[in-house]
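The values are calculated or read from the model by the stated rules, or taken from the named source; none is laboratory data. Remember, predicted model here, so these are calculated numbers, not experimental data. Note that each Cβ is placed from the backbone with ideal geometry, even for glycine, and that neighbours are counted across all protein chains shown.
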Ligand code: G3P
Ligand code: CA
């Protein structure tokens, strides 16, 4: 047992060195020459209700490199894993009569939302709810079975599984709507940094990426908290137009803390050379929506030439982790012929450093087709 614990500790301290058992001696086209990371988006969310311990466990069993947690705070300031600060889409809260009166309207990044909010419930109350599948075309038979995990429970799971599986399992927490939480007096960033520090994961070498669609909280982690933990700036958009241009439209046009502070820069502005230079001052990577890398026309969904975002990010030492890869045909462009492996192959060819995927097995299968720098030269 002692040896296993030593292995775990050593790997956690030197994550990048231990991460890739399958690393090739010939470098890949990624920034660090290693195979791209497979990040289980909300756990194994293509199979089980998202952000449950069961979905995280399945993603670990499937072989994901990292598991992703979207984080919001309860009324008593406990970090729980939910994609939204409101609860009706992913829990049975609407079916619980004792909570009927808690439904309310709050402004979420400038948009009025009428729902039940995690910030109006204690953790004990949230633990009486059960998770459900938010997508109608995904398995519904697990609805009502699993509870809502705290971030601490996920940290405990990952620690135990790192020992059990004898491999690095990374975490990829996202601060959800930091300004919204700040306006409620709830310390989202503070709680995250406390949890990472207590778990021994607040360091450069820890298998952790902290991500956010807002900017201020990431800069604060680097500058005020003096943390060296790896940071990723997420990049959003409303849609693409007929020419494949990304549409910058609220609430997906700007980091909401920019809206509040009067900073006019959009996410698209953050992908210019000046924007990437700015991100490089505090972050280790960018997390763009896929069309920032591989555009397509909204009219016939046909592919356009790939952008040079990856090479411009790499030239600044920034990683690129794109979201979200999904197997269902309705998410696949015609060029991929209903085969999700073709989408991964395209992005892996372009040198992407990581994928947020609902379907870890497909992302791993596609790794068999990753080109290396040697094969690129021999073409
Ligand atoms: O965090 C990467 C990706 O998950 C961003 O989109 O909305 O699924 O959190 P979302
Ligand atoms: Ca996320």
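Which one of these does residue 361 not meet: (1) part of a helix (DSSP H, G or I); (2) touching a strand residue (DSSP E or B) at 6+ places or on another chain (Cβ under 6 Å); (3) surrounded by 14 or more Cβ atoms within 10 Å (Cβ to Cβ)?
Residue 361 satisfies all of (1) part of a helix (DSSP H, G or I); (2) touching a strand residue (DSSP E or B) at 6+ places or on another chain (Cβ under 6 Å); (3) surrounded by 14 or more Cβ atoms within 10 Å (Cβ to Cβ) except (2).
Consider residue 194 carefully, then state whether it is surrounded by fewer than 16 Cβ atoms within 10 Å (Cβ to Cβ), modelled with pLDDT of 95 or more, more than 16 Å from ligand 2 (Cβ to nearest atom) and within 18 Å of residue 225 (Cβ to Cβ). First the steps, then the outcome.
Working: surrounded by fewer than 16 Cβ atoms within 10 Å (Cβ to Cβ): yes; modelled with pLDDT of 95 or more: yes; more than 16 Å from ligand 2 (Cβ to nearest atom): yes; within 18 Å of residue 225 (Cβ to Cβ): yes.
Judged against the criteria, residue 194 is a match.
So which of 238, 242 ends up being surrounded by fewer than 19 Cβ atoms within 10 Å (Cβ to Cβ) and under 24 Å from residue 68 (Cβ atoms)? First the steps, then the outcome.
Numbers: 242 fails: under 24 Å from residue 68 (Cβ atoms).
Selected residue: 238, the only one of 238, 242 that is surrounded by fewer than 19 Cβ atoms within 10 Å (Cβ to Cβ) and under 24 Å from residue 68 (Cβ atoms).
Given the criterion at pLDDT 95 or above, in contact with a helix residue (DSSP H, G or I) (Cβ under 7 Å, 6 or more places away or on another chain) and in a strand (DSSP E or B), identify the matching residue among 72, 113, 39.
Details: 113 fails: in contact with a helix residue (DSSP H, G or I) (Cβ under 7 Å, 6 or more places away or on another chain); 39 fails: in contact with a helix residue (DSSP H, G or I) (Cβ under 7 Å, 6 or more places away or on another chain).
From the options 72, 113, 39, the qualifying one is 72.
Which residues, counting only those in the stretch 174-188, are crowded, with 23+ Cβ neighbours inside 10 Å and away from ligand 1 (no atom under 16 Å from the Cβ)?
The answer is none; no residue qualifies.
Could you tell me how many of the residues in the stretch 163-193 are more than 20 Å from the chain's Cα centre (by Cα) and not in a loop (DSSP other than H, G, I, E, B)?
Count: 5.
Kindly evaluate residue 333 against the criterion of being touching a residue at least 60 places away in the same chain (Cβ under 8 Å) and more than 16 Å from ligand 2 (Cβ to nearest atom).
The answer is no for residue 333.
For (1) at pLDDT below 95; (2) surrounded by fewer than 21 Cβ atoms within 10 Å (Cβ to Cβ); (3) over 28 Å from residue 230 (Cα atoms); (4) in contact with a strand residue (DSSP E or B) (Cβ under 6 Å, 6 or more places away or on another chain), each residue gets a yes or a no:
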| position | (1), (2), (3), (4) |
| --- | --- |
| 49 | no, no, no, yes |
| 53 | no, yes, no, no |
| 56 | no, no, no, yes |
| 68 | no, no, no, yes |
| 93 | no, no, yes, no |
| 96 | no, yes, yes, no |
| 124 | no, yes, yes, no |
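So that you can scan it fast, the table gives a plain yes or no per residue for (1) more than 16 Å from ligand 1 (Cβ to nearest atom); (2) outside any loop (DSSP other than H, G, I, E, B); (3) touching a helix residue (DSSP H, G or I) at 6+ places or on another chain (Cβ under 8 Å); (4) under 22 Å from residue 70 (Cα atoms):
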| site | (1), (2), (3), (4) |
| --- | --- |
| 316 | yes, no, yes, no |
| 320 | no, yes, yes, yes |
| 323 | no, yes, yes, yes |
| 327 | no, no, yes, yes |
| 335 | yes, yes, yes, no |
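Condition first: within 14 Å of ligand 1 (Cβ to nearest atom) and either out of contact with any helix residue (DSSP H, G or I) (no Cβ under 9 Å at 6 or more places or on another chain) or farther than 11 Å from residue 211 by Cα (or both). Now tell me which residues in the stretch 231-241 satisfy that.
Let us first name the residues in the stretch 231-241 that are within 14 Å of ligand 1 (Cβ to nearest atom), namely 231-238.
Within the stretch 231-241, 234, 236, 237, 238 meet the criteria.
Return yes when residue 366 is at pLDDT 95 or above, assigned to a loop (DSSP other than H, G, I, E, B) and surrounded by 16 or more Cβ atoms within 10 Å (Cβ to Cβ) and no when it is not. Steps first, answer last, please.
Numbers: at pLDDT 95 or above: yes; assigned to a loop (DSSP other than H, G, I, E, B): no; surrounded by 16 or more Cβ atoms within 10 Å (Cβ to Cβ): yes.
Here the answer is no, as residue 366 does not meet what is asked.
Residues in the stretch 301-314: is at least one touching a residue at least 24 places away in the same chain (Cβ under 8 Å), crowded, with 21+ Cβ neighbours inside 10 Å, within 30 Å of residue 47 (Cβ to Cβ) and within 22 Å of the chain's Cα centre (by Cα)?
Checking the stretch 301-314: at least one residue is touching a residue at least 24 places away in the same chain (Cβ under 8 Å), crowded, with 21+ Cβ neighbours inside 10 Å, within 30 Å of residue 47 (Cβ to Cβ) and within 22 Å of the chain's Cα centre (by Cα).
Listed residues 60, 67; which is within 16 Å of ligand 2 (Cβ to nearest atom) and either closer than 14 Å to residue 149 by Cα or in a helix (DSSP H, G or I) (or both)? Give the derivation first.
Working: 60 fails: within 16 Å of ligand 2 (Cβ to nearest atom).
Every option except 67 fails the conditions.
Do we have residue 287 as more than 22 Å from residue 68 (Cα to Cα), buried (at least 18 other Cβ atoms within 10 Å of the Cβ) and within 22 Å of the chain's Cα centre (by Cα) here? Quick ask: steps written out before the conclusion?
On the way: more than 22 Å from residue 68 (Cα to Cα): no; buried (at least 18 other Cβ atoms within 10 Å of the Cβ): yes; within 22 Å of the chain's Cα centre (by Cα): yes.
So residue 287 does not fit the description; no.
If I ask for residues that are more than 16 Å from ligand 2 (Cβ to nearest atom), touching a residue at least 24 places away in the same chain (Cβ under 8 Å) and surrounded by fewer than 20 Cβ atoms within 10 Å (Cβ to Cβ), which ones from the stretch 315-329 would you list?
316, 317, 327, 328
Provide a single number: the residues in the stretch 81-105 that are closer than 19 Å to residue 42 by Cβ and either within 14 Å of ligand 2 (Cβ to nearest atom) or part of a loop (DSSP other than H, G, I, E, B) (or both).
Adding up the residues that qualify gives 10.
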